[in-house]
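Below is one structure; the comments refer to it alone.
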Amino acid sequence: MLCHIFSLTILSRLPFSLPVRCLSTSVAAEPFLNGTSSNYVEEMYYAWLENPRNVHKSWDIFFRNANAGAVPGAAYQSPPPLLGPSEGTASIQGLVGAQPNVEKLVKDHLAVQSLIRAYQVRGHHIAKLDPLGISCCLFVLPFFMSLFSTGLYGLAESDLDKVFRLPTTTFIGGNETTLPLREIIRRLETAYCQHIGVEFMFINDVEQCKWIRQKFETPGIMQFTLEEKRTLLSRMIRSTRFEEFLQRKWSSEKRFGLEGCESLIPALKTVIDKSSQSGVESVIMGMSHRGRLNVLANVIRKDLEQIFCQFDSKLEAVDEGSGDVKYHLGMYHRRMNRVSDRYITMSLMANPSHLEAVDPVVQGKTKAEQFYSGDTEGKKVMSILLHGDAAFAGQGIVYETFHLSDLPSYTTHGTIHVVVNNQIGFTTDPRMARSSPYPTDIARVVNAPIFHVNADDPEAVMYVCNVAAEWRNTFHKDVVVDLVCYRRNGHNEMDEPMFTQPLMYKQIKKQKGVLQKFAEKLIAEGVVTTQYYQEEVVRYDKICEDAYSRSKDEKILHIKHWLDSPWPDFFTLEGQPKTMSCPSTGISEDDLSHIGSIAASVPVEDFTIHGGLSRILKGRANMVGQRVCDWALGEYMAFGSLLKDGVHVRLSGQDVERGTFSHRHHVLHDQNVDKRTCIPMNHISPDQAPYTVCNSSLSEYGVLGFELGFAMASPNALVLWEAQFGDFHNTAQCIIDQFISSGQAKWVRQNGIVLLLPHGMEGMGPEHSSARPERFLQMCNDDPDVFPVNFAVHQLHDCNWIVVNCSTPANYFHVLRRQILLPFRKPLIVFTPKSLLRHPEAKSSFDDMLPGTHFKRIILDDGPAAKNPEKVKRVVFCSGKVYYELIRERRNRNMDAAVAVVCIEQLSPFPFDLIKLEADRYLNADLVWCQEEHKNQGYYDYVKPRLRTTINRTRPIWYVGRDSAAAPATGNKHTHLVELQRLLDTAFDLNAFSGKC
């Protein structure tokens, strides 16, 4: 730093321009040459500091004189003649020491540079960001409060008119290289302390910081044409008058209006305009409820009559949807952008009241659209996320989403985040709601610049949004726009905010509306006339009135008009499947053998794999030769066959590339070359679809939301998320509850995402045993007391999701393929095995996977009991791993003829028809439900009423399993084995239930 200040001092004394030359001891300072190069001088200076003999004698004299404080023009002397040492030395000494103020000069330059940096780093803290003028910063900066009196920089009032050379780390000079201190401070105040506050100096990229400084420091850069100002006024009119119109017509309705942040609408439109000009063709947006109707009307451009008709209390919802509240519905619209003269597709995602939950969903859908359009750099498809200040700071999903922003398999190449900063939550003051000075501090973890702006200054908002869009287009990184505003009404229009924020709302009541202030400003500037402004207001009011009149003709709400991700050509025009049948999910023997050979190979030359993996691949090859497959190979067959048919497969989650239980190994790693990998699945066929398998960050909520959004983009893809252990899905429960289980009911939004949840009581303790089947089954919508009329595909069509626990590799293979071959899409929940991954009996023959075969909803008993059903004493119904334990125990007890074991593979929708056939076959047998889970968990509460309905309540259903408990499993291995043996003993004790009813 000190050397840099010295070089600045030296340059300020140069009376001439220096040539650009390589450093040489034979090159003299030549005053007659032009082409100044400060870098050259600095190189010479650093060389001189090391040893004066490193440079020509004239440079030695020059640096000595400059360091001694010689005035400009006096430091340079002609090269000395070939005289004796005494004469040359005397001439140098004549100037050295002539001005002893060099220390003061250096300190002043250092002080000015520190001052400039202080404004760049901290200036936002004293910017005029709050429209109400009542906010107090959490960090008071003393060097701003008393710049000179503290002596922090060693500068005094008398220094204000001194001229200083500007460092290269600022653009406040424009074309000037020196400025008086007074002007330096004025320009810094203008750049950093007005209605825009910029946080960016934490970014660890020099070019990015330089780019931002140039955008905000360059004098006069924030200029707009008359046409731009008129367009901005028009957008402010639409934003403001829309809310006022709703308030006049439906004063007692909740609408979560935008009053107090009306500049949000021109902010979003500015971002979209600038992005469209840069080549963006599709924008996916996510936001909460505040201002949502306004965004739908004035940004997405949804027909106003479609919005207004929702306020009709007599309106009936049709289609499958529940007619969710109007501020939750999504929208998809393609329109012409008049600024860029290009078509742009706008998509606003439907979402629940769970704030910020939609963030990763938007990112996933954005990633999918980029993937399917070949947009590898995010130049065509982008996302915009709108946040509330309290939720942005308080909801952990915001961090999880930010954390995905630069991960290779999850990046969307930059998201523009817009925070509607009400400076309050529902009723909670920011001082009670967060520990950081700003709600946006979370963005600093990914080096995203943060632009705070006073939302009552529409021109400042417009400029900041232009810069944000340029940043995203230039660097493809996230950026945050913090619209510091206020909420004119309470949390909703019926709420009374004076209960909890009396002083704030007294000020708000006095606050002049932003439209009025902006209109007065433009009229005063002569940009528009009063008549022009009034005519624009009347014109938009008439648009609203006309739409209101048309809305009265709407008697039915067609929710399908509000889809955020339509799937053209997948459904018929009526939105129903083209057929209600599903073809066989089997594949040919040749395909099975070919895919199996790929699974057992390394299709890349000179690729060294781990020795243990060699044994695994050899084992796969042996299985293929024997025409059988285990769980991992069955999955390989399903994925590979879909890829061969052109169906994209994406598998994501924690450690999915290898698999938590080291069974999958879909990504091979070269043992000798760092980061060299091979994915054999991408070598199945020359024209296959790509296979994406990616280890995720250690996140469930964010990553599951991301994959859900990815699955929304296209019905012709198999998208799977696997939990490291099924137990861990509970940290993603919000996505499961709000989007997956009920998404179609609320928003007519079909989704085919697959959840793979390892489940099974293996003695591994309460955190690594249960995927909580009871929770998924409790949310199933099939009626336990009604025996259905239609089964198979019809039953699948009517359910909200499919829940299975496959016990054979073939069934797993079929259920995955069925996801794509069904004429509709439903979420699929698969409780996957752990110990069964390598169980010698948990293997399937190729015969069970050939053409003509299907997924088996139940696995029937095919032993002696099935041959003589009238002699069977007990039928044990079960699901999952316990099936193999029951089979083994029955064999050990020689009870194959006395006890039949039936495994239910598809739990929901429940296979009433098949279970009835089995119950009717074994008329003389006890009916028992056996599970390894505790009685208050697992499947029992779901299965029992359905079994009773199946047999018309003519026989009792007995329970065998662990007793009720608070935890999912014991943490003691011995206790686990004792409990298992106890339930097996009960299951095969034919007198266990005698005399009971």
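Every number here is computed from the coordinates shown, using simple stated rules; none is lab data. Note that this is a predicted model, so its numbers are computed, not measured. Methodologically, a virtual Cβ is constructed for each residue, glycine included, from the backbone with ideal geometry; neighbour enumeration extends over all protein chains shown.
With R₀ set to 41 Å, the beta-carbon distance separating ASP783 from LYS871 gives a calculated FRET efficiency near 0.70. Which whole number in µm²/s is D for the chain by Stokes-Einstein, with the Kirkwood Rh taken over Cα pairs at 10 °C and 1.306 mPa s? Result for D is 48 µm²/s.
For the stretch 862-987, the number of Lys pairs separated by eight or more positions or lying on different chains, with C-alpha atoms closer than 22 Å, is 10. The charge dipole of the stretch 862-987, taken about its Cα centre with unit charges on the Cβ atoms of Lys, Arg (+1), Asp and Glu (-1) only, comes to about 240 debye. Using the Cβ-Cβ distance between ASP495 and ARG338 with R0 set to 51 Å, the FRET efficiency from 1/(1 + (r/R0)^6) comes to roughly 0.85. To the nearest ten degrees, helix 589-599 and the longest principal axis of the Cα atoms of the chain are 40 degrees apart.
Calculated on the Cα set of the stretch 690-742, radius of gyration then Dmax: 11.2, 31 Å. Spatially, the stretch 221-240 and the stretch 778-850 are offset by 56 Å when compared through their Cα centroids. Put simply, the C-alpha atoms of the stretch 862-987 give a gyration tensor, and the ellipsoid matching it has half-axes of 24, 19, 11 Å, longest first. Taking other C-beta atoms within 10 Å as the exposure proxy, VAL362, VAL295 rank VAL295, VAL362 from fewest upward. Placing +1 on each Lys and Arg Cβ and -1 on each Asp and Glu Cβ, with no other charges, gives the chain a dipole about its Cα centre of roughly 640 debye. Farthest toward the positive end of the dipole of the chain, out of PRO840, PHE242, SER282, is the Cα of PHE242, where the dipole comes from beta carbon charges about the Cα centre. For the stretch 852-899, the Kirkwood hydrodynamic radius from C-alpha pairs, put into Stokes-Einstein at 37 °C and a viscosity of 0.692 mPa s, yields a diffusion coefficient of 280 µm² per second.
Rounded to the nearest 10 degrees, the angle from helix 226-249 to the longest Cα principal axis of the chain is 40 degrees. Computed from the C-beta positions of SER278 and ASP989 and an R0 of 56 Å, the FRET efficiency is 0.15 to the nearest 0.05.
Stretching the chain fully between GLN247 and ASN924 yields a gain of 236.7 nm (0.36 nm per residue, less the alpha carbon separation). Its Cα centre serving as origin, the stretch 436-553 has a Cβ charge dipole (Lys and Arg +1, Asp and Glu -1) of approximately 260 debye.
Of all GluC sites (Glu not before Pro) in the stretch 732-774, which ones are in loop regions per DSSP and have a Cβ with at most 14 other Cβ atoms within 10 Å? Of the GluC sites (Glu not before Pro), the ones in loops of the stretch 732-774 whose Cβ has at most 14 other Cβ atoms within 10 Å are GLU767. A straight Cα-to-Cα reach below 19 Å connects LYS509 with the aspartates and glutamates ASP130, GLU243, GLU244, GLU259, GLU262, ASP429, ASP456, ASP457, GLU493, ASP495, GLU496, residues fewer than 8 places away in its own chain not being considered.
From the residues PRO458, ASN447, VAL481, which one has its Cα farthest along the dipole of the stretch 429-503 in the positive direction, the dipole being from +1 and -1 charges on Cβ of Lys/Arg and Asp/Glu about the Cα centre? Farthest towards the positive end: ASN447.
Over 31 Å apart at the Cα level, from the set LYS274/LYS367; LYS521/LYS552; LYS249/LYS274; LYS510/LYS746, are LYS521/LYS552; LYS249/LYS274; LYS510/LYS746. When the charge dipole of the chain is built from unit charges on Cβ atoms (+1 for Lys and Arg, -1 for Asp and Glu) and taken about the Cα centre, the candidate among GLY197, VAL875, ALA632 whose Cα reaches farthest toward its positive end is VAL875. The angle between the Cα long axis of helix 264-277 and the longest principal axis of the Cα atoms of the chain comes to about 90 degrees, rounded to the nearest 10. Ranked for footprinting exposure by Cβ neighbours inside 10 Å, fewest first, ILE237, ILE221 give ILE221, ILE237.
Summary of the geometry: the stretch 511-554 and the stretch 909-939, compared by the centres of their Cα atoms, lie 68 Å apart. The three principal axes of the Cα atoms in the stretch 806-891 give end-to-end lengths of 43, 29, 25 Å, sorted in falling order.
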